[in-house]
Amino acid sequence: MEIWDYERKLSIGRIVKYSIFGGLLGVGLPIVVIIFFFLFFAPELPPIETLEDYTPPLSTILYSADGVVLAEFSGERRIWVPISKVPQSVKDALISAEDKSFYKHWGLDSWGILRAVVKNITKGGIRQGGSSITQQLARVLFLGTEKTLVRKIKEALTAIKIERKYSKDEILELYLNQNFLGRGNYGVEAASKYYFNKHIWEVNPVEAALIAGLLKAPESYNPIKHPDRAKRRRNIVIDAMVDARKIDRKTADSLKALPVDLAPERGIYLKAPYFSEFVRQYLENKYGEEKLYSGGLRVYTTLDWNLQCVAESLLVYNVSRLQRWIQKIHHKTDTSYTIVVYDSAKGDTVREWKKLQGAFLAIETSTGAIKALVGGTNFWESQFNRAVQAQRQAGSAFKPFVYTTAIDNGYKPSDLIEDLPLTERLPNGTIWRPQNYDDEYLGPITLRKALYRSRNLATLRLAKLLSLRDIINTARKMGIRTPIQPHLSIVLGSCEVTLIDLVTAYSVFPNYGVKVRPYWIEYIEDKNGVILERNTPQKEEVLPTTTAYIILDMLRDVIRRGTGIGARLRGFDWDAGGKTGTTNDFTDAWFIGFSPKLVSGVWVGFDDKTCMGEDMNGARVALPIWTDFMIAAHRNLRRVDFSPPKGIVYADICEESGLLATRRCPKVVREIFTEENKPAAYCPLSHRPSQPAPLIAGDSVQTKEKQSTIEKPSPTKEAKKLEPVEF
């Protein structure tokens, strides 16, 4: 009995002895091994201190003036989000799926590694990994994914160094913002915006589980490409949350039953594509590619998203309608309206219809801030921005510069000018015989009527009394930047201009002589919130206030009773002015107009200057788009009218003579003047039907009042044989 007791005590002692030895060996040996590896690999381990200045590539984001995300530009689509904004459901899902002991271990999950080893041995292959979140972060930031034992050892050692330097929340923040989550998205915020169109702090638990599930294999479990796989993986994460006691089984079962519900709009953000690309080019030129694609800039633009949507839909709808009409009246074999393209499906060439195009631009009258910009009907088919790049003949939209020059040189809206045929010999010896649009001639008419009726011959005769250099200088200082040659045909718009330049120039009238330079960015801030750029309206006085207001008043009549009367007929009743423009052979159609709130312009035409068709003029093609946009844009605005500035006076004028009206004058109009050039003489006409109206200097009838016209040409055989030349 004593022997048995002795042997039992000896056996127990050995067990205790060996257990203590084994325990010391189990703890001490890994420590010794780790110390050995640290000493051996220390020179090759990455410097953890670099994380202090770590700046991952961040997306540059464009915002509209009303907060809509217009575009994201990045090499890696990443939006940094602080840990404080990440909801607990996302943290729970991530930690449950990837590292249940994250807040307990010191960089390595020893039990997790042991479980993975046992499982891989029993399954006969690599079925489970034992890497902690910190190890995964070390791999992504420093070491890559090479599958070697040395890399794995370095990963473990680097994880320990990270844990000694940074808190758990700091490590988790880096992890949440660094990892690839499919379709070019890096970090949970970018993934949340892409898959659910939500900020990460807005996701629900089932969405959080889906995002966490992507970490294992982002492309294999991509919910767009593989929704069934994504759901199965999501449900595994939900079960893991139950095991980690983050949710109960009943809640888990209800979450697992839910479908994978993704946002309908996905992909790279690119709303208002012509505007966004315009801004992108500006940013790249000013800040460089690296700053643009990885600097995390926040760009706050001037664009009004609601107005942009209106402009895009109106332009596309109206141009598509005109496209269908052109295709209806022409055959597909018509080489003027079709082009030959190669059809890879047929292995042969086929004919396709040419695409009618258009452009639209609207700026805020008082500031020049761009509120809507459309550079074409389909950005994905053609990235050419016709609102800012296309140079097209202006047609009659150029005429206001002629009349501005005249008013600025002392002429009056009531002065008479002959609307009669004109023949000019060009420098190359050819004869130029311009013609009015309607092939009719009105004889002597006022400058006001010549402008609102868009009379070509009257405008040409007025230009001959002026200097072409002065007209060009007027256009230049008002905003036209394209080359203008000093030929008489420029008066009718033969020079090429851009839409943005025309809109800029027309802004001078509603701003009473002040030009506002268009701008498209309010301010830019970097990833730390530091303002890099802030823009304010840039204004320059280019015309006398009275000159600008007189032309403004004359352009009002274009809409009241001239070529732009369609705007009134369609229901736009704000105080406004503008001008139509149509070029030779109906290749370009324009309308540029303004109100106290907005200056906007429309261009429609084919890129290769194909004729759109007979009578496809500015009033018919461009004006409806302009009008419908302005109606929508002004619907909820407080009405404001233009008011005359100091120095403007009014007088009753005889329409036939352009002088102060008397009781004998049958046609009396209220006209606008400056205080200096208000007429002093009264109409001398008796207004007998047989007596013609007096013309300005050069005619047989003279008055004491200075007027502006040219001699009436005597009829000749050549004049009777005039051939139409349309501008």
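Quick look at the values:
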item: Residue within the stretch 95-112 that is out of contact with any Phe, Trp or Tyr (no Cβ under 9 Å at 6 or more places or on another chain), modelled with pLDDT of 90 or more, aliphatic (A, V, I, L, M) and closer than 27 Å to residue 255 by Cβ present; result: no
item: Selected residue (only one of 406, 397, 387, 372 is open to solvent by less than 10 Å² (accessible area, probe 1.4 Å), among the aliphatic types (A, V, I, L, M) and assigned to a strand (DSSP E or B)); result: 372
item: Qualifying positions in the stretch 208-233 - of a type outside the set (A, V, I, L, M, F, W, C) and either touching a residue at least 24 places away in the same chain (Cβ under 8 Å) or part of a loop (DSSP other than H, G, I, E, B) (or both); result: 213, 216, 218, 219, 220, 221, 222, 223, 225, 226, 227, 231
item: Close pairs from the stretch 388-405: first of a type in the set (Lys, Arg), partner part of a helix (DSSP H, G or I), Cβ under 7 Å, at least 6 apart; result: 399/451; 399/459
item: Test: residue in the stretch 190-199 that is in a helix (DSSP H, G or I), open to solvent by 10 Å² or more (accessible area, probe 1.4 Å), in contact with a strand residue (DSSP E or B) (Cβ under 8 Å, 6 or more places away or on another chain) and within 22 Å of residue 135 (Cβ to Cβ); result: no
item: Qualifying positions in the stretch 658-677 - assigned to a loop (DSSP other than H, G, I, E, B) and closer than 25 Å to residue 645 by Cβ; result: 658, 659, 661, 675, 676, 677
item: 1 or more residues more than 30 Å from residue 80 (Cα to Cα) and open to solvent by 40 Å² or more (accessible area, probe 1.4 Å): qualifying strands (runs of 3 or more DSSP E) within the stretch 298-366; result: 338-343, 348-353, 356-364
item: Qualifying residues in the stretch 650-697 (those that are β-branched (Val, Ile, Thr) and either open to solvent by 50 Å² or more (accessible area, probe 1.4 Å) or modelled with pLDDT under 90 (or both)) - the one farthest from residue 458 (Cα to Cα); result: 668
item: Count of residues meeting criterion [without any contact (Cβ under 8 Å) to a residue 40 or more places away in the chain and part of a loop (DSSP other than H, G, I, E, B)] in the stretch 566-604; result: 1
item: Test: residue in the stretch 472-495 that is farther than 30 Å from residue 384 by Cβ and of a type in the set (Val, Ile, Thr); result: no
item: So residue 458, is it closer than 29 Å to residue 654 by Cα, among the small types (Gly, Ala, Ser) and either crowded, with 22+ Cβ neighbours inside 10 Å or without any contact (Cβ under 8 Å) to a residue 12 or more places away in the chain (or both); result: yes
item: Test result for residue 638, under 28 Å from residue 513 (Cα atoms), surrounded by fewer than 17 Cβ atoms within 10 Å (Cβ to Cβ) and under 28 Å from the mean Cα position of the chain (by Cα); result: yes
item: Meets criteria (open to solvent by 90 Å² or more (accessible area, probe 1.4 Å) and touching a residue at least 40 places away in the same chain (Cβ under 8 Å)) for residue 243; result: yes
item: Residue count for the stretch 497-516, restricted to those that are in contact with a Pro (Cβ under 8 Å, 6 or more places away or on another chain) and open to solvent by 30 Å² or more (accessible area, probe 1.4 Å); result: 1
item: Selection count where residues are of a type in the set (D, E, K, R) and touching a strand residue (DSSP E or B) at 6+ places or on another chain (Cβ under 8 Å), scope the stretch 434-453; result: 2
item: Any hit, the stretch 528-535, residues being surrounded by fewer than 21 Cβ atoms within 10 Å (Cβ to Cβ), among the small types (Gly, Ala, Ser) and in a loop (DSSP other than H, G, I, E, B); result: yes
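The values are calculated or read from the model by the stated rules, or taken from the named source; none is laboratory data. Bear in mind that the values here come from a model prediction, so they are computed numbers and not experimental data. Virtual Cβ from ideal backbone geometry, glycine too; neighbours counted across all protein chains shown. Side chains are part of the model used for accessible areas, which takes the heavy atoms of the whole protein and leaves out ligands, DNA and RNA. Shrake-Rupley method; radii C 1.70, N 1.55, O 1.52, S 1.80 Å.
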